[in-house]
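Step one of this worksheet: look at the structure below.
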Amino acid sequence: MNNFKDAGLTVAGILYGDTFLRRTEFWDEDSRNKYQIQKLKKLFIECNENISWYKNIFKNMQCSPMHDNVIDIYNNLPILHKATVRENIDQFVNDKIKNVIKFQTSGTSGEPLTVHTHAHQWINEQGVIWRSWRRAGFNLGDRVAIFRSYTPKKSNSTIKIDRFRNWAYLSVYHTDEKNLEKYADFLVHWKPKYLRGYPSSILLLSKYLKDRNIIIPTLKAVFTASEMLSISTRQQIYQNIGLEVFDHYGQAEITVMFHDCEKHEGMHYDWEYGKVELLPSSASGLYKIVATNLHNMAMPLIKYDTGDLSDGEFSTCSCHRTSPLLKNIIGRDMDFIINFDESKIPAVNFYTHFSKVKFAKRVQLIQERRGVISVRFESWSSENRSAAQHELELLSLKLSNTIGLTVDVDPNQSIIFSKSGKEKFVIQKLKY
Ligand SMILES: [Zn+2]
């Protein structure tokens with residue numbers, strides 16, 4: 001997408017987010033259902049005409065989206081999995097839509113997927129994101145320092161400024177002492193109002209700022225996305241730099257979005273964007289998030305299994321917005337550690353366990369065998385590498401004693417990052 005088109009769609013999204021979407025977050029259940037049914041009908045009619053995958057399904061079901069009950073059709077459709085889409089990608093693409101916008105999913109699990117969308121859907125996308133930024137008091141033109149999405153070429157600076165948007169990018173690939181000092185110095189002088197990044201990158205920066213008593217008084221809040229934000233990370237960022245974190249949940253297949261509000265009691269369901277269904281999973285109390293983007297005619301994915309899980313069912317928030325709330329989205333099914341007896345332990349427990357380390361800058365768990373995990377780490381400096389190893393060994397021993405896992409600290413292996421610099425706390429190599 002070129003800058004001009006991107007800017008145009010963003011402005012349209014802002015208008016949409018500031019008008020319609022500021023009202024709909026207070027709509028009652030009946031109005032929400034009516035809206036979704038109307039959008040689903042439009043989507044199903046498009047599918048019946050131009051998406052060969054769904055044309056076949058509707059034919060086999062002997063139903064007509066134009067005349068039959070939309071919810072009946074929806075309920076009878078099968079759950080869609082990523083592998084099905086990957087293997088039959090041409091059958092999901094709408095050839096009638098020109099000027100498509102394409103995304104490549106990062107494929108951290110080794111299964112990249114190209115997703116198609118179009119301008120109208122993109123306006124919805126921008127509108128929902130804008131609404132969530134507004135909850136943090138964001139205004140157009142406010143300076144945002146972004147600690148992600150920037151990979152400098154060798155000769156380039158580790159900081160890049162986008163003057164058009166008033167955004168500055170800091171490289172997550174350069175977090176040695178020299179660069180962190182440079183980032184802190186830059187932030188003090190550039191005076192951003194918001195920080196945006198992966199929870200892991202923001203946590204790291206916040207620790208650095210706290211340890212050196214560096215205060216950036218212009219900062220108002222933090223926006224996080226793309227990695228699971230644990231309660232302890234949220235708390236630690238607040239303790240380190242006194243900023244509230246506003247979290248975003250979305251996924252590259254663009255079927256669903258959730259955002260938290262100023263109460264931070266959970267994630268509000270952006271029901272205007274996608275329809276979400278929670279289905280029981282193999283773990284008690286956890287539900288599969290199955291979603292349908294209500295606007296994407298370029299590549300409709302209906303009842304798509306996002307692979308992510310909700311901790312509990314929908315509830316409500318004390319902020320008085322009526323949009324339903326999920327207490328906690330705990331990430332891909334892969335975020336589990338498998339014990340000797342094959343029981344699954346949510347990785348979030350381990351995250352909390354290892355989050356209070358002092359000398360280790362990053363910690364990562366690798367599981368290749370049942371009941372066995374290997375701990376990799378990076379220390380704040382080469383001088384405190386052995387202190388970091390020691391503190392991790394003590395924590396690992398505690399873990400072995402309490403839940404019976406074999407936990408070994410491996411000082412010889414480096415942390416594994418995704419191509420975009422995302423840091424996954426657990427690298428799960430077991431199939432389960
Ligand atoms: Zn709320």
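The values are calculated or read from the model by the stated rules, or taken from the named source; none is laboratory data. None of the values given here were measured: they were computed from a predicted structure. Every residue, glycine among them, receives a Cβ derived from its backbone with ideal geometry; neighbour counts consider all protein chains shown.
Tally time: how many residues in the stretch 299-326 are within 15 Å of the chain's Cα centre (by Cα) and either closer than 13 Å to Gly285 by Cα or near the ligand (Cβ under 10 Å from one of its atoms) (or both)?
3
Identify the single condition in (1) within 13 Å of the ligand (Cβ to nearest atom); (2) under 16 Å from the mean Cα position of the chain (by Cα); (3) modelled with pLDDT under 95; (4) not small (Gly, Ala, Ser) that Thr233 does not satisfy, given that it satisfies every other one.
Condition (1) is where Thr233 drops out.
Answer with yes or no whether Lys220 is among the basic types (Lys, Arg) and within 16 Å of the ligand (Cβ to nearest atom).
So Lys220 fails the test.
Among all residue pairs at least 6 apart or on different chains, which show Cβ distances below 6 Å where the first residue, located in the stretch 301-327, is among the small types (Gly, Ala, Ser) and the second is assigned to a loop (DSSP other than H, G, I, E, B) and within 13 Å of the ligand (Cβ to nearest atom)?
Cβ pairs passing all conditions: Gly312/Lys327; Ser318/Lys263; Ser323/Glu25.
Only one of (1) farther than 23 Å from Gly141 by Cβ; (2) in contact with a helix residue (DSSP H, G or I) (Cβ under 9 Å, 6 or more places away or on another chain); (3) not in a helix (DSSP H, G or I) fails for Asn156. Which number is that?
Evaluating Asn156 over (1) farther than 23 Å from Gly141 by Cβ; (2) in contact with a helix residue (DSSP H, G or I) (Cβ under 9 Å, 6 or more places away or on another chain); (3) not in a helix (DSSP H, G or I) leaves (2) as the failure.
Any residue that is within 16 Å of the ligand (Cβ to nearest atom), among the small types (Gly, Ala, Ser), under 24 Å from Gly17 (Cβ atoms) and touching a Phe, Trp or Tyr at 6+ places or on another chain (Cβ under 9 Å) - is there at least one of those in the stretch 274-292?
No; the residues of the stretch 274-292 include none that is within 16 Å of the ligand (Cβ to nearest atom), among the small types (Gly, Ala, Ser), under 24 Å from Gly17 (Cβ atoms) and touching a Phe, Trp or Tyr at 6+ places or on another chain (Cβ under 9 Å).
Name every residue in the stretch 136-147 that is surrounded by 15 or more Cβ atoms within 10 Å (Cβ to Cβ) and either without any contact (Cβ under 8 Å) to a residue 40 or more places away in the chain or farther than 26 Å from Ser382 by Cβ (or both), in order of residue number. Let's see the steps before the verdict.
As a first pass, look at the stretch 136-147 and keep what is surrounded by 15 or more Cβ atoms within 10 Å (Cβ to Cβ): 136, 138, 142-147.
Correct list: Ala136, Phe138, Asp142, Arg143, Val144, Ala145, Ile146.
Against the condition outside any helix (DSSP H, G or I) and either among the hydroxyl-bearing types (Ser, Thr, Tyr) or touching a helix residue (DSSP H, G or I) at 6+ places or on another chain (Cβ under 8 Å) (or both), how does Asn124 come out, does it pass?
So Asn124 fails the test.
Working carefully through the options Ser343, Ser374, find the one that is free of Cβ contacts under 8 Å to residues at least 60 places away in the same chain, under 13 Å from Leu405 (Cβ atoms) and touching an Asp or Glu at 6+ places or on another chain (Cβ under 6 Å).
On the way: Ser343 fails: touching an Asp or Glu at 6+ places or on another chain (Cβ under 6 Å).
Matching residue, one of Ser343, Ser374: Ser374.
Looking only at helices (runs of 4 or more DSSP H) that fall completely inside the stretch 1-113, which ones have 3 or more residues that are among the β-branched types (Val, Ile, Thr) and more than 23 Å from the chain's Cα centre (by Cα)?
70-76
Assigned to a loop (DSSP other than H, G, I, E, B), under 27 Å from Ile202 (Cα atoms), in contact with a strand residue (DSSP E or B) (Cβ under 8 Å, 6 or more places away or on another chain) and hydrophobic (A, V, I, L, M, F, W, C): which single residue out of Ile415, Ile330, Ile427, Ile345 fits that description?
It is Ile415.
In the set Met257, Met228, which member is within 16 Å of the ligand (Cβ to nearest atom), touching a residue at least 60 places away in the same chain (Cβ under 8 Å) and of a type outside the set (Lys, Arg)?
Matching residue, one of Met257, Met228: Met257.
Scan the stretch 338-358 for residues that are more than 17 Å from Ser232 (Cβ to Cβ), at pLDDT 80 or above and in contact with a Phe, Trp or Tyr (Cβ under 9 Å, 6 or more places away or on another chain) and jot them down. Lay out the reasoning, then the answer.
Start the filter on the stretch 338-358 by keeping residues that are more than 17 Å from Ser232 (Cβ to Cβ), which leaves 338-344.
Still in the list and also at pLDDT 80 or above: 338-342.
Ile338, Glu342, listed by residue number.
Go through the stretch 236-253 and give me each residue that's under 14 Å from the mean Cα position of the chain (by Cα), of a type outside the set (Phe, Trp, Tyr) and modelled with pLDDT of 95 or more.
Val245, Asp247, His248 - these are the residues of the stretch 236-253 that are under 14 Å from the mean Cα position of the chain (by Cα), of a type outside the set (Phe, Trp, Tyr) and modelled with pLDDT of 95 or more.
Tell me the residue from Ile79, Ile45, Ile89, Ile37 that is of a type in the set (A, V, I, L, M) and in contact with a helix residue (DSSP H, G or I) (Cβ under 8 Å, 6 or more places away or on another chain), please.
Step by step, each of Ile79, Ile45, Ile89, Ile37 is checked, and only Ile37 is of a type in the set (A, V, I, L, M) and in contact with a helix residue (DSSP H, G or I) (Cβ under 8 Å, 6 or more places away or on another chain).
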